[in-house]
Amino acid sequence: MDPKPCRMSRTVMTDLVLPPDTNNHGTIFGGNVMRYIDKIASIACMRHARKPVVTASSDSLDFLEPIRVGEAVRLEAFVTWTHKTSMEVFVRVESENLMTGEVKTTARAYLTFVAIGPDGRPTEVPPVYPETDEERHHYETAPARYELRRQRKLVQRTKRDPNE
């Protein structure tokens, strides 16, 4: 498979935060942000693989700033690294005060997706390569994150509940 640049998967999504999207503090529900993150990451991975994908893991998600009712939530995602059938994708979440123009980074996350073939099994994905400094940073640090995920998965497999 021919390698593809990170930019080919870059995806941007913007939405307006309305009262039904928020909690009693007037800030967006964290679960809504998580749903946006999973959705945009899925789109970026499907753009890269040109195949259906499933979420395999989500690294820690830290909410850095609240997103308030009336603000815009903006997400940007791109595939940072690939393995044989999996893709790591980086997602940045920002809020924008539409009255003042102030933009804040509100969350960042890495997720891993697996491409699925017609038989319902994992299938190979093309390699990815970086072109910008930001893309190079994510690409060069991805193998260490991959190893941490692999180790975490091994620990989880050995710590299964005996009642399962």
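Within the group Ala109, Ala56, which residue is surrounded by 12 or more Cβ atoms within 10 Å (Cβ to Cβ), under 24 Å from Asn23 (Cβ atoms) and out of contact with any Lys or Arg (no Cβ under 8 Å at 6 or more places or on another chain)? Explain how you work it out, then say what you get.
Numbers: Ala56 fails: under 24 Å from Asn23 (Cβ atoms).
Every option except Ala109 fails the conditions.
Considering every residue within the stretch 32-40, establish whether at least one is assigned to a strand (DSSP E or B), within 15 Å of the chain's Cα centre (by Cα) and not aliphatic (A, V, I, L, M). Can you show your working first?
At the first step, the residues of the stretch 32-40 found to be assigned to a strand (DSSP E or B) are none.
No, there is no match, as no residue in the stretch 32-40 is assigned to a strand (DSSP E or B), within 15 Å of the chain's Cα centre (by Cα) and not aliphatic (A, V, I, L, M).
Let me confirm something: among Thr27, Thr22, Thr11, which residue is more than 26 Å from Glu147 (Cβ to Cβ), in contact with a Lys or Arg (Cβ under 6 Å, 6 or more places away or on another chain) and either at pLDDT 95 or above or aromatic (Phe, Trp, Tyr) (or both)? Even if it seems obvious, please write down each step before you answer.
On the way: Thr22 fails: in contact with a Lys or Arg (Cβ under 6 Å, 6 or more places away or on another chain); Thr11 fails: in contact with a Lys or Arg (Cβ under 6 Å, 6 or more places away or on another chain).
Within the list Thr27, Thr22, Thr11, the selection yields Thr27.
Can you give me the number of residues within the stretch 30-74 that are of a type in the set (Asp, Glu) and at pLDDT below 95? Can you show your working first?
Taking the stretch 30-74 as the starting set, the residues that turn out to be of a type in the set (Asp, Glu) are 38, 59, 62, 65, 71.
Checking which are at pLDDT below 95 leaves us with 59, 62.
The qualifying residues number 2.
Would you be able to tell me the number of residues in the stretch 62-79 that are in contact with a Leu (Cβ under 9 Å, 6 or more places away or on another chain) and part of a loop (DSSP other than H, G, I, E, B)? Please lay out each step first, then the result.
Taking the stretch 62-79 and keeping what is in contact with a Leu (Cβ under 9 Å, 6 or more places away or on another chain), we get 69-73, 77.
Remaining after also requiring part of a loop (DSSP other than H, G, I, E, B): 69-71.
Final tally of qualifying residues: 3.
From the residues in the stretch 110-164 that are within 26 Å of Tyr36 (Cα to Cα), among the basic types (Lys, Arg) and not in a loop (DSSP other than H, G, I, E, B), which one is modelled with the highest pLDDT?
Arg136
The values are calculated or read from the model by the stated rules, or taken from the named source; none is laboratory data. What you see is a predicted model, and the numbers here were worked out from it, not measured in a lab. Every residue, glycine among them, receives a Cβ derived from its backbone with ideal geometry; neighbour counts consider all protein chains shown.
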